[in-house]
Amino acid sequence: MHYRTLAKKSLLFHARSYLAYFYSCIFTVILFYLYTALLYHPILEDSMVSEAFVGLIYMVEVIIGLFAILFLGYSQSAFLHNRKKDLAVFQVLGMSVKQMTRLVFWENCMIGFISIVIGIGLSIACSNYFFLGISKVLRFQDPIVASSPGVPALVTAITFLFIFILLSWWSRFSFRKVSIRSLFHVQTATKKEPRFSIWLVGLALISIATGYGLALSSSLSQLAQLSLMIGVLLLIGTYFLITQTSVWFVDQMTKTSTVQERSLWFLFFTNLRYRLADHTKIIFMVSILTSIVLSVVGICIMYGVESERVAEKQAPFHLSVIDKEKVMNKQVVALMNKHEMKVKEEIHLPILTDVDEYSQYAVISIQSFNQLRKNQRQPLLQIGDKEAVLAKNSGIWKDDLQSVTPYRYQLSGLKQKPALKITHELTGIYFNEHDQTRFLLIVSEAQFHAFSQQVQQADQQVQIHGYQFNDWHKSKVLFEELSDQTNLINGTYLFHSFLLAVISPLTFVSCFIGALLLLGLGSILYFKSFTELSLDRNQMQVLNKMGLSFAEILRVYRKQISVLFYRPFVVGSCHAVIVMYAFSFLFDQTPWLMIGLVMGGYLILYSGYYKWTVYHYRKQASVFLT
């Protein structure tokens with residue numbers, strides 16, 4: 001019998017086990033083709049497409065390629081582990097390692113070829129919808145038309161053929177590591193008894209509590225700096241919490257009289273204890289990946305849907321102008337009248353810029369700053385005659401007022417180089433963020449008047465203008481005309497446009513990557529369930545001879561599969577909720593409804609994969625029990 005024929009028969013016999021692997025391969029091919037088609041599309045040469053977006057597409061392509069290698073490699077390893085008895089029989093019949101490698105090679109080539117053909121075919125059929133989505137993301141007036149599929153199809157086919165061939169070649173090293181005896185007896189090997197440690201539980205709780213505390217108490221700038229530390233703490237805490245709480249919970253349940261009196265529950269917990277060592281590694285990996293998927297997708301969707309609210313908070317004035325020549329107010333008023341922009345509130349305040357040769361600090365009087373505070377409906381600030389407060393005006397810091405150890409700050413940009421005594425630091429959003437308004441030194445009215453007499457250049461005395469319209473959505477044309485006259489402008493519309501330009505591509509990409517990872521995670525759990533099926537069959541037959549019915553036996557194993565699926569979801573969801581909450585401080589109120597919708601949508605898809613796994617597991621197990 002030729003290798004191709006033997007490989008074909010083997011694939012047909014193990015068709016149910018290969019089903020999730022096959023679907024995942026097709027979906028991976030589809031994603032890789034679509035992003036390859038976008039990379040080779042002439043539209044990317046257009047100046048309207050930013051280099052950042054092109055770089056993002058290249059990054060996604062690399063991620064999909066790495067995912068394909070890791071996922072397909074893990075899947076192949078799981079299948080080889082599940083088929084060790086088959087391989088042992090081949091060795092007994094005289095088949096060499098080289099011949100078994102050829103057999104696996106043909107199996108991989110068949111699966112790969114069919115996946116590539118179907119995946120590319122479906123990609124070509126769906127490419128118009130994909131490019132329509134890209135057109136919406138990039139806000140093109142005319143939708144992008146799909147280009148010739150020749151080059152993307154060729155690149156996709158060559159890439160995945162190389163991956164399948166590489167994994168087939170790597171599989172020969174797995175064959176060399178086992179003997180015929182170990183292949184037959186691997187399932188009867190005694191597993192190490194897991195033990196509970198209160199010290200590891202303490203370490204886990206301290207690590208998770210510290211990670212959560214840092215995430216919830218940090219500003220956006222601090223989160224960027226502490227992200228690595230928070231990630232390491234959560235990894236350590238999650239691993240030990242999963243391993244130790246599993247052992248403790250199973251021990252406690254098996255000792256209770258209620259469980260001991262119910263045979264099915266007792267069998268469930270005792271069998272679960274036997275599998276703890278194997279399950280905890282999978283649960284830990286899936287928990288971390290689930291938290292990453294939910295966090296990234298949730299944050300992108302949250303900011304995409306709530307982008308207007310974020311823009312209104314981050315840019316409280318719908319139009320702000322830094323006026324160095326003190327003539328912009330007349331020009332702005334003329335343009336607002338021209339475009340019939342109705343102003344409901346406006347503010348005009350003096351500041352002193354370039355007061356330090358080495359930084360972009362500006363000086364503002366306490367009276368002017370309190371006008372900004374009043375506009376934001378914040379309590380007024382009071383300072384002494386010889387004191388000063390440093391205000392950090394940006395959304396990357398949380399609203400806070402802190403006392404600091406008094407220190408002196410010299411205004412080297414003024415003639416007499418006076419020094420200020422800084423006693424407090426204030427963070428929050430008080431005016432639209434400009435280079436000239438990001439760091440404000442708040443001083444008394446008398447000090448501000450004295451400093452105004454010491455400026456070295458006339459353009460250090462600046463007017464800032466802030467306007468709030470009845471409807472800022474109509475200010476696009478106003479900003480376009482103002483940008484021809486000055487670049488010292490900002491506003492709600494500009495911030496909203498910037499936010500959409502960043503978030504929309506990330507949301508589009510993260511949803512695809514999230515779907516890919518969800519499919520991969522579900523497939524990993526599917527493979528784990530079917531890898532243990534041969535051992536489960538022997539246990540099921542013994543339980544059946546002891547008098548348990550088919551329905552009762554499957555109920556026990558269905559509960560074990562549910563633990564394998566839903567425990568990672570619970571752990572990953574807890575991490576994701578904390579992360580999304582930490583990144584929601586840019587909102588006036590935490591969007592719990594949006595967070596709940598993201599979690600609920602993921603749970604529905606995840607539960608669908610669980611139902612599909614249970615269905616196929618039940619169907620395959622029933623063959624040996626009926």
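Think of region 268-424 as having a plus end and a minus end, set by charges on the Cβ of Lys, Arg, Asp and Glu; of Q371, M341, V321, Q371 sits farthest toward the positive end of this dipole. Computed across region 437-519, the Kirkwood radius stands at 17.3 Å (inverse of mean 1/r, all Cα pairs). Taking 7 Å steps out from each Cα toward its Cβ at Y40 and E340 produces label points 5.1 nm apart.
Rounded to two decimal places and with Rh computed the Kirkwood way over Cα pairs, what is Rg over Rh for region 467-614?
When Rh is taken as the Kirkwood radius, the ratio is 1.26.
What accessible area per residue, rounded to a whole number of Å², is obtained for region 197-238 using a probe radius of 1.4 Å?
I get 54 Å² per residue for this part.
The phi torsions of region 512-521, fed into the Karplus equation with coefficients 6.51, -1.76 and 1.60 and a -60° offset, translate into couplings of 5, 5, x, 5, 5, 5, 4, 5, x, 5 Hz, rounded to whole numbers, with Gly and Pro shown as x.
Would you list R373, R102, R408 from the most to the least accessible area, probe 1.4 Å?
R408, R102, R373
Evaluated at q = 0.10 Å⁻¹, the base-10 log of the normalised Debye intensity for region 360-451, with identical point scatterers placed on the Cα atoms, takes the values -0.23.
Magnitude of the charge dipole for region 499-601, about its Cα centre and with charges confined to Cβ atoms of Lys, Arg (+1) and Asp, Glu (-1), is about 420 debye.
Quick one: if you stick a label point 7 Å off each Cα along the C-beta vector at Q620 and K421, how many nm between them? It works out to 7.8 nm between the two label points. Please compute the per residue accessible area over region 369-430 with all protein chains in place, 1.4 Å probe, rounded to a whole number of Å². With all protein chains present, region 369-430 gives 56 Å² per residue. Extension gain, L220 to Q382, is 55.6 nm, computed as 0.36 nm per intervening residue step minus the present C-alpha separation.
Computed with the Debye formula from one identical point scatterer per Cα of region 394-433, without solvent, the log10 of I(q)/I(0) at q = 0.15, 0.27, 0.30, 0.31 Å⁻¹ comes to -0.52, -0.85, -0.89, -0.90.
With R₀ fixed at 60 Å, the C-beta to C-beta distance from V570 to C109 puts the FRET efficiency at about 0.90. In region 284-395, taking the dipole from charged Cβ atoms about the Cα centre, the farthest positive-side position among A362, G304, F284 is held by G304. One decimal place: the segment S412-C511 gains 30.6 nm when fully extended, by the rule 0.36 nm per residue minus the C-alpha distance. Counting Lys and Arg as +1 and Asp and Glu as -1 over every other residue whose Cβ lies under 12 Å from the Cβ of N329, the net charge comes to -1. One chain, two ends: H473 and L597. Fully extended at 0.36 nm per residue, the span grows by 41.9 nm beyond their Cα-Cα distance.
Specify whether the C-alpha gyration tensor of region 297-441 places it in the rounded, prolate or oblate class, a ≥ b ≥ c being the square roots of the eigenvalues: rounded for a/c under 1.5, otherwise prolate if a/b is larger than b/c and oblate if not. Oblate is the answer for region 297-441, as a/c is 1.5 or above yet b/c matches or exceeds a/b.
Take the cross-link list K374/K476; K281/K545; K136/K342; K528/K619; K326/K374 and give me the ones stretching past 21 Å between alpha-carbons. Pairs exceeding the cut-off: K374/K476; K281/K545; K136/K342; K326/K374. Remark on A419: its backbone amide H falls under 5 Å from those of L411, a criterion applied only to residues 5 or more positions apart or on other chains, H modelled at 1.01 Å from N.
For region 400-486, the residue among F431, S412, Q461 whose Cα projects farthest onto the positive side of the dipole built from Cβ charges is S412. Region 443-481 and region 217-246 have their alpha-carbon centroids 43 Å apart.
Rounded to the nearest Hz, the phi-derived 3J(HN,Hα) couplings of region 218-235 under the Karplus curve 6.51 cos²θ - 1.76 cosθ + 1.60 (θ = phi - 60°) are 9, 7, 4, 5, 6, 4, 5, 6, 9, 4, 5, 5, 4, x, 5, 4, 5, 4, where x marks glycine and proline.
The values are calculated or read from the model by the stated rules, or taken from the named source; none is laboratory data. This is a predicted model, so every value here is computed, not measured. So basically every Cβ, Gly included, is an ideal-geometry build from the backbone, and we count neighbours across all protein chains shown. Only protein heavy atoms, including side chains, enter the accessible area calculation; ligands, DNA and RNA are left aside. Shrake-Rupley method; radii C 1.70, N 1.55, O 1.52, S 1.80 Å.
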